[in-house]
1. If only Cα atoms are counted, what is the Rg of region 86-138, and what is its Dmax, in Å?
2. Helix 11-23 versus the longest principal axis of the chain: what angle, 0 to 90°, nearest 10, using Cα atoms?
3. Against the longest principal axis of the chain, how steep is helix 123-132, in degrees 0 to 90 to the nearest 10, with axes from Cα atoms?
4. For region 4-148, place one equal point scatterer on every Cα, skip the solvent, and apply the Debye formula. What is log10 of I(q)/I(0) at q = 0.08, 0.09, 0.16, 0.17 Å⁻¹?
């Protein structure tokens, strides 16, 4: 049996998915590895001006190599509040090697981590780190999402009639 709330993709539901992605900043970054199963790592991401998602990485990390090789990744965007909700976002990805883009990304990530704006005076230190670590930006263009409606149990009464229904892929 399908959950009627996810079988019909309305503009309102699409807007809710995009808002969920804009309102959160941590995700599990999934990508294919050569010779092994898929790999995952926790990342901070930033929503770019073109509604793309941006992740900082190092030039020689597996994430970056995979994006150069395959160009397909999945972000599992996490709601840090319990009970945990999430939204998987399927993306086409590319590597931006521009140092200024890497510095801008790390300034934004530093702001997220610190919970406050980074002063311009921090930029030279961030740039030095980006150069030292060979930082790049992974630019992700979402094309689909995978949604499972949350089913939380807070008390025994919540179990009455509980079902998980099926999930579905929906266009971004």
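Here, each number is a calculation from the coordinates, and none is a lab measurement. The model shown is predicted, which means the values in this text are computed figures rather than measured ones.
1. Cα radius of gyration and Dmax of region 86-138 are 12.7, 36 Å respectively.
2. Helix 11-23 sits roughly 40 degrees off the main axis of the chain.
3. 90 degrees
4. -0.23, -0.29, -0.88, -0.98
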